[in-house]
Structures are given as C-alpha cells and as structure tokens.
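Peer 1: Have a look at this one.
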Amino acid sequence: MSPRERSPLGLLLSSPREVARRCLEEEGLKPLAVASLGALALGAAVFGGVVGSFRGGEQVLYGAIKVPIALLAAIVICVPALHGIAASLGRAWPLRTVIALTLAAAGRAALVLLAFSPVLWLAYDLGLGYHAAALAATGAYGLAGLAALGVLLRGLGRGKHAVTTALAFVAVFLAAGGQTGWILRPYLVRPQTRDVPFVRSIEGGFADAVVRSTRSAAGVYDEVEREVVRSAETAPEWVDPEPYDVSHEPSYGYEREDRWRAR
Amino acid sequence: MEAAIEDWKPAPVPHSQATPRANDNREDPGAPGARPPAPVAERNEPAYEEPRVRPSWALALLDTEGDWRSLCRRGATGIGLASIYGVALGAREGGTAMLVHAVGVPAALLAVAAVGLPALYILLALFDTPLSPRRAAGAAVVGVASSGLVLAGLAPLAALYVVTSSTSAAAAMAATFGLTLGGLLGLRHLVATLAEELAKADSATRALAVVAQIGFGLFAIVLGWRVWSALLPLVGGAS
C-alpha cells in the first residue's frame, strides 16, 4: 500500500516523511490533525493511567487525566515559540503548518507511549521499585520523544540551520513540558501514600530548582534548606551517611541522635 | 548408459541480466544494459522532494524589499510583537508592570537599530562596501522583526514561568533566557542579511566588513543588555 493510501494513523506510525510533507504542503490537514489529537488523548491517557497504577486507586484516574492535559498544554505553549524560531532561522511557515507538524509529532509520540504501556504495567505488577519505576517511565517518555523528533526533523528538511532549529524546538518543548508537568504533579506515587491530591501546590518549578541548585552549589543556602540540612543530622545513616558540621549554625536546642550515626 | 553419460552436457549458465541480484554492487552503472541506480525513496515512502510550503505573513514580515513606508510598517510590527513579550513578563506583578515591561523590551531593539546600525553603516561605507542606506535599513528592520517574532512566540512560555515561579530569581532567569534567545536570533538575521548584501564586494572589503560586523555584534549585545537591565524591573531594572 503506498503512503498516499494509508490512513492518518498508519501514516503517523510508518511514514513520518509523508506526514511531514502533508503538514508542509497543507494536504489533508484536518484528518491528520484529528487522528493526531485522538492518538494523543488515547496514548497519553493510557500511559498516565499505567504510571498511576504504581500506587493504584484514584491515582490511575488522576494520571489518565493529567498526562494528556500536560502534553496538550505544553504543545499549546510551544507552538508560537516554534513558529517564531523557525521563521527567524529561515523557515517562515504558516502557523497552521507549525500546529499540524507539532500535533503530528505529539500524536506519534503518544502512540509510542501506548505501545510501551503494557510493558510498563507488567513491570510495575512484578514489583519494580519506586526509583526504577520512575526511570522506566522516563525512559519510555524519552523514546517517545525520539519518535516525535523523527517527524520534526523530516519537516525541517535539509536546508540551512536545520540542526539549530531542531535543537531549539527540543529545548522549547522540554522547557514547556517540564513546567506544565511540574504544575500537574504528582504522577508516580508510592503505594503507601494514603491521601493523594489531584495536584499539589506549585512550590516552585524547573527554574526554581535550577536557581536553588546553583546557589547550593555555591554554598548559599536559604532558611528552608538550612533546616533540611540540620534535620539530616538526626536521620538514620542510610538517609544521610555524610556528617554535617553544624558548629557554625545557630542552635535550636535539638540534640544529635548519635546512635543513628554509628559507624 | 555410457552413451548417455558421454552425451551429457552441462546446462547453460543463465545470463546475468536475466536474473538480476538486488545487492550486486559490482555492476558498472555505465555499462550497456546496466540497471539504473537504486531510487532515493526509502521503504514504504516516496522519493524525497522538497515540500512546497505556502507563503505566510511571517515571510512577508521578514522581507527586505519595499519602499521606506513598508519598511517602517514592518519595523513597527516587529516592535509590537516584541512588546507582547514585555506584557508576559509584567504578568508576574500585573497592572502597570505589564506596561513598563511592554515598553522596555522593544526599547533595546530600537536602541541597537537607531544607535548601532548608523555607526556600522558609516564604518562599512568607509570601507567602500556596496551597501545603500535603504538596504542597511532593510537589514535593521529584518533584525527587529525577527526578534519580535521570536519574542512574541516565547511570550506564553515566559508567562508560564514568571507567573508560576516561586522566587524572583527564577522568574528573572526565565525572562533572561527568552530575551537572550530573541535578541541573538534577531542579531543573527540582521548580520546574515548584511552579509548577503556585502557578497558582491571583493574579498578584502568583505574581510574588513566581517570584523566590523563582529564588533557591531558585541556592541549590540552589551547595549541591548544594558537597556534591558535598566528598564525591566524583573531583570534588575528600576521598579
């Protein structure tokens, strides 16, 4: 069957070049966009539900709702930036072309997430630990991103600044996806967690984490971090095996629990 | 039986063209009757052709042709697009902060175009480069429009970060990244447009022009950042 005879879903899976061509030449955009949106909603919902199944209960439903919303929100925020960057770097495409290309890329990624979902669910069911579960989900997300990149790179073609534009696209999507994902967290919750909110309070974000880490690396600690570091003294060794010298910190009248620090 | 063995002759070997092999790399493509080279198309996909993209308003905005009136119109559009980014930055505080940032963001673009480019044009004219004032102005307008397009596109992302960041430092960092990206892409476009105009000059003139453009680029970066840090409260300007 030639690419031109395939359904939009079939094209998304097997012919990223034909998908990119249709987006750029605005041929059959409506069925392609509908298929991409449907794939995005289904694939992201199933993947989110599987991630939520690590804890189970209402977290399955929460994950199935939040992952598609986070992905769609990231796309909505990204598209104007991608349009502007592409225009500045020699690809002054119409906005609808950028929307179609981005949706198609996201739809393809969501289908890859859908393909990984049964494997991930089985791994969780067989007793995968929390951190390994997080890594597995992140790995699936990364591979889905590579599938999306296939559509974008074919859309960018072989002209000048193709690599720079692709890198800019990836950076913008990571920034948007990271922040929208942060806002709608949590997704992967430990099974022993009793009450799980639909979303937590925002408490900073990706930019805050980068700033805090930079300041901590330079030895500048905020009041909250000093308290966290101080409380680490009393934790068991497996939490913080490295001793911390608090002789220069103000005393709060809290004695060190030396029995937890037996070497 | 012995007669049958004597009469036996081996079967004729078929000619190579009768049974072509898929991976026969030894076949000389120039030889008569040789197979044509393999098509460019990959499996299940048609042969690659450059897609025919329709023109867009962004393409018209980044055009360097036209009279002074159309240049002014495109420059004003670029300024307006850049101010959208300022509105996004001011969303953290709201109210008059949005207006202050909306004025401050395009101010740096105007400063570079109004202060830096005439100086660059004079320097290039001293080197006897084939650059007219209209072309130089066209390059400046393209730079401003390109920056405006990028900044307007980054406005939703910037608004997301500046509104949801819990600390001012994080919001400032996010704002700075957007300003840097928009400014650098606009500067790149301006310099690339000038380079196209200067392609007609001789090699010595072109070399001098490159040095001048590098100096202009550094000046533009420092001036742009000076203006932004002075005018935008979010990145350290007067509140």
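Peer 1: Can you compute the charge dipole magnitude of the stretch B:61-152 about its Cα centre, using +1 on each Lys and Arg Cβ and -1 on each Asp and Glu Cβ, nothing else charged? Give it in debye, rounded to the nearest 20.
Peer 2: Numbers: 6 positive and 5 negative charges, 23 e Å.
The calculated dipole for the stretch B:61-152 is roughly 120 debye.
Peer 1: Turning to a different aspect of this structure: Please list, short to long, the whole-number percent of alpha-carbon pairs of the stretch B:141-197 in consecutive 5 angstrom bins beginning at zero.
Peer 2: Over the stretch B:141-197, the share of Cα pairs per 5 Å bin runs 4, 22, 23, 17, 13, 9, 6, 3, 1, 0 percent.
Peer 1: Separation of the stretch A:19-87 and the stretch B:107-126 by C-alpha centroid, Å?
Peer 2: That distance is 45 Å.
Peer 1: Something else: Between A:LEU61 and A:LEU167, 0.36 nm times their residue separation minus their Cα-Cα distance comes to what? Walk me through the numbers before you get to the answer.
Peer 2: Numbers: separation 106, 0.36 × 106 = 38.16 nm, distance 3.41 nm.
Result: 34.7 nm gained on full extension.
Peer 1: Residues in the stretch A:176-193, backbone N under 17 Å from the label point at A:ALA134 (7 Å along the Cα-to-beta-carbon vector): list them, ranges by number please.
Peer 2: Once the point is set 7 Å along Cα→Cβ of A:ALA134, A:178-179, A:181-193 turn out to lie under 17 Å by backbone N, inside the stretch A:176-193.
Peer 1: Calculated FRET efficiency, A:VAL220 and B:ASP202, Cβ-Cβ r, R0 41 Å, to nearest 0.05? The partial results should precede the final answer.
Peer 2: Numbers: r = 55 Å, r/R0 = 1.34.
The value I calculate is 0.15.
Peer 1: When the label point is put 7 Å from the Cα of B:PHE219 along its Cα-to-beta-carbon vector, which residues of the stretch B:96-132 have a backbone N closer than 16 Å?
Peer 2: B:109-129
Peer 1: Starting from the 7 Å offset along Cα-to-Cβ, what nm value, one decimal, do you get for the label separation of A:THR193 and A:LEU126?
Peer 2: Going from the A:THR193 label point to the A:LEU126 one covers 2.5 nm.
Peer 1: With point charges of +1 on the Cβ of Lys and Arg and -1 on the Cβ of Asp and Glu, referenced to the Cα centre of the stretch A:96-209, which listed residue (A:ALA166, A:ALA133, A:LEU143) lies farthest in the positive direction of the dipole?
Peer 2: Positive-end residue among those listed: A:ALA166.
Read-outs: derived from the displayed coordinates by stated rules, not from any lab. Since this is a predicted model, take the numbers as computed values, not measurements. Ideal geometry is used to build each Cβ from the backbone, glycine not excepted, and the neighbour counts take in all protein chains shown.
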